[in-house]
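A.B. asks: Before we start, here is the structure in question, set down as structure tokens.
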Amino acid sequence: MNAASAAISAMPARSRSDSRAVNRFAWAVLAYNVAVVLWGAAVRATGSGAGCGDRWPLCNGSVIQHYPTAATLIEFAHRASSGLALLAVIGLLFWTFRAVPRRHLARAASVAALVLTLNEALLGALLVLLGKVAHDQSASRAVYLALHLTNTLLLLAALALTAHFLSREQGFMRGSVELRAPGFAFTGLGAVLVVGVSGSLAALGDTLFPASSLRAALAQDFASSSSWLVRVRWVHPAVSLIAGAFLLWLVYYGLRSTANRTLSITLAGLLLLQYSLGVADIALLAPTWMQMLHLLGADLLWIALIVLVTRLCVRPIGCTEGICSR
């Protein structure tokens, strides 16, 4: 019996029940954070980032809003939902530490999730306090937005890892796993992060410089008088094709294992969906609802990618190919 199996066998029945319950809660917290991310995109796409003025965390200096505008309601709802997300992540951290033994990888992932949540709040606060919202076109806004999006994806990854390690049947204890092909995995994940960041900049360009037609939008992309945010929009589809090659190779590798076949097919389907949504987003001139739908597809793709990479690369020591993937 290995150390992981011994640790679980030694847990009382109540603790094992708590572990299953916190696993369900972890997936629920992840789903809720995806919803918060989508609402944040709505804030940006509708230009509502200044709806609460330059005050944070209070909205226009108070909690109760009298005769609020639509922008105020949108921004206030995002701040309130973000506050609930912080409480949910704190609850997940304490519950995880209570339900699983020491050296369980879910503990480390839940700590990372809390740190990234606090950093998410800090970056959101800086965007408001420094005025990098609404119709601000400064280069520094793009930098903060890129940092914000990167932190968001890392946060979703930490929450997905917490839920995944809580649900694993083996290979969830520090010292009982080995990391296989780390260079390739980190390079591929880094490429997908670049796709996300370039997508956030492209979406910002669509919001700040809307086009009247597809032909006008294409002309803007190559006009020397256009903002740099518009002229770099082509980077997003270009790097997404490069990152897609990595995802397809990963799908092929995952299909070789029966345990990972369903997840690999799901990842391939999400990749195809994302390319379709990207084309539709361009053709429809990036309306708010399409931007949110495209972002939802990206978040789901990212979460599926994180879980699949973890299954393939974080393996129990001594396990052979196609075995011990769960």
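The values are calculated or read from the model by the stated rules, or taken from the named source; none is laboratory data. Computed from a predicted structure; not experimentally measured. Note: ideal-geometry Cβ built from the backbone for every residue, glycine included; neighbour counts use all protein chains shown.
A.B. asks: Test each condition in (1) part of a loop (DSSP other than H, G, I, E, B); (2) at pLDDT 85 or above; (3) within 23 Å of Thr150 (Cβ to Cβ) for Val37 and report the one that comes out false.
C.D. replies: With (1) part of a loop (DSSP other than H, G, I, E, B); (2) at pLDDT 85 or above; (3) within 23 Å of Thr150 (Cβ to Cβ) applied to Val37, the lone miss is (1).
A.B. asks: Right, something else. If Val128 satisfies all but one of (1) at pLDDT 90 or above; (2) more than 16 Å from the chain's Cα centre (by Cα), what's the number of the condition it fails?
C.D. replies: (1)
A.B. asks: Further, regarding this structure: Would you check if there is a residue in segment 187-202 being crowded, with 19+ Cβ neighbours inside 10 Å and either over 20 Å from the mean Cα position of the chain (by Cα) or farther than 30 Å from Ala139 by Cα (or both)?
C.D. replies: Checking segment 187-202: not a single residue is crowded, with 19+ Cβ neighbours inside 10 Å and either over 20 Å from the mean Cα position of the chain (by Cα) or farther than 30 Å from Ala139 by Cα (or both).
A.B. asks: Among the listed residues Arg24, Arg14, Arg44, identify the single one that is surrounded by fewer than 13 Cβ atoms within 10 Å (Cβ to Cβ) and at pLDDT 85 or above.
C.D. replies: The match here is Arg24.
A.B. asks: For Leu147, work out the one condition from (1) over 17 Å from Pro237 (Cα atoms); (2) without any contact (Cβ under 8 Å) to a residue 40 or more places away in the chain; (3) not assigned by TED's automatic domain parsing to the domain that holds Leu105 it doesn't fulfil.
C.D. replies: Going through the list (1) over 17 Å from Pro237 (Cα atoms); (2) without any contact (Cβ under 8 Å) to a residue 40 or more places away in the chain; (3) not assigned by TED's automatic domain parsing to the domain that holds Leu105, Leu147 breaks only (3).
A.B. asks: Let me ask something else about it. Only residues that are under 18 Å from Tyr144 (Cα atoms) and among the hydroxyl-bearing types (Ser, Thr, Tyr): list them for segment 47-81, please.
C.D. replies: Ser48
A.B. asks: Where the second residue is among the charged types (D, E, K, R) and modelled with pLDDT under 90 and the first is assigned by TED's automatic domain parsing to the domain that holds Leu312 and lies in segment 250-263, which pairs have Cβ atoms under 6 Å and are six or more apart or on separate chains?
C.D. replies: Within 6 Å, the pairs are Ala259/Arg326.
A.B. asks: Filter segment 102-161 down to residues that are out of contact with any Gly (no Cβ under 9 Å at 6 or more places or on another chain) and of a type in the set (Val, Ile, Thr), then give me how many there are.
C.D. replies: 4
A.B. asks: Still on this structure, please answer the following. Have a look at Gly91, Gly53, Gly49, Gly83 and point out the one that is at pLDDT 80 or above, in the same structural domain as Val128 (by TED's automatic domain parsing) and in contact with a helix residue (DSSP H, G or I) (Cβ under 6 Å, 6 or more places away or on another chain). Explain how you work it out, then say what you get.
C.D. replies: Working: Gly91 fails: in contact with a helix residue (DSSP H, G or I) (Cβ under 6 Å, 6 or more places away or on another chain); Gly53 fails: in contact with a helix residue (DSSP H, G or I) (Cβ under 6 Å, 6 or more places away or on another chain); Gly83 fails: in contact with a helix residue (DSSP H, G or I) (Cβ under 6 Å, 6 or more places away or on another chain).
Within the list Gly91, Gly53, Gly49, Gly83, the selection yields Gly49.
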